[in-house]
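The values are calculated or read from the model by the stated rules, or taken from the named source; none is laboratory data. Keep in mind that what you see is a predicted model, and the values were worked out from it rather than measured. When the accessible area is computed, the model is the full protein with side chains, heavy atoms only, and any ligands, DNA or RNA have been set aside. Shrake-Rupley method; radii C 1.70, N 1.55, O 1.52, S 1.80 Å.
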Amino acid sequence: YLNYTKISHLNSLTALYLSFDRCQGITDKGIQSLGLDHLKLLTTLHLHFDQCQNLTDQVLSQNVFQFQFLQTLHLRFRGCFNVVTDQLLKDLRIGSLTSLNALYLFFDGCKQITNKGIKTLCSNGIQSLKLLRTLHLSFGLCHSLTKKGLKSLFNQGIKHLDLLSNIHLCFIACDQISETQLSFLKKKIQSLNLPYLQGHLKINTNNTLF
């Protein structure tokens, strides 16, 4: 069992990997009591909450954005049907993590995410990450997403990231997004002629890999 006292004393820690997958007893209070905000020197953070249904969209509202030296952020909320909403994407305030060069966000099955959430995630977050080189976003089974969300992802997000060398986007089983629309998104990204991308661009939908 991890508690506030034990975590907060690890103030020289630079990498932290925590998995709470399928822990139905874990709540916002338990996560917030860890004292993650005391780990000021973190450069790598992995937090996995797959199928944790007793969390709310406030679970990370006091933690992630405290890390000014963070270079790699890996968040997983797969199968958290009622947890992740547009509000969580707003509260992450990823744009404050100005040292970030690798971002992995997995929201597969988070059905309350909408186009508005994607726009907020990009305009208030991703587009500010000028050092970002790796971007991996997974929104499989997010049925509310449409072409409008893809447009925001490009115009408010990817378009502003000149150093990207690796992009992986997943929209498996997003009913309102067609393969044609994703193919068009890929062409738009390629048209940016990002100097470091060099073919490392993947977009998934159903059984198709563009």
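Where the accessible area of region 102-210 is counted over protein heavy atoms with a 1.4 Å probe, how much of it, in %, is carbon and sulfur?
Roughly 49 percent of what the probe reaches on region 102-210 is carbon or sulfur.
If every alpha-carbon in region 20-79 counts as one equal scatterer, what log10 I(q)/I(0) does Debye give at q = 0.16, 0.25, 0.27 1/Å?
Log10 of I(q)/I(0), two decimals: -0.49, -1.09, -1.20.
Taking a ≥ b ≥ c as the square roots of the eigenvalues of the Cα gyration tensor of region 23-147, is the shape rounded (a/c under 1.5), prolate (a/b larger than b/c) or oblate?
oblate
Which whole-percent values make up P(r) of region 150-210 when all C-alpha to C-alpha distances are grouped in 5 Å steps starting at zero?
4, 17, 32, 26, 14, 6, 1
Please report the base-10 log of the normalised intensity I(q)/I(0) for the chain, using a Debye sum with one equal scatterer per alpha carbon and no solvent, at each q in 0.08, 0.18 (1/Å).
Reported log10 I(q)/I(0), two decimals: -0.26, -1.30.
Any idea of the accessible area per residue across region 13-52, 1.4 Å probe, to the nearest Å²?
Per-residue value: 45 Å².
Taking springs between alpha-carbon atoms closer than 10 angstrom, which of ARG133, ARG76, ARG22 fluctuates most in the Gaussian network model of the chain?
With Cα springs under 10 Å in the chain, the top fluctuation among ARG133, ARG76, ARG22 is at ARG22.
Please list the non-local residues whose amide H lies under 5 Å from the amide H of LEU55, H modeled 1.01 Å from N, same-chain partners needing a gap of 5 or more.
none
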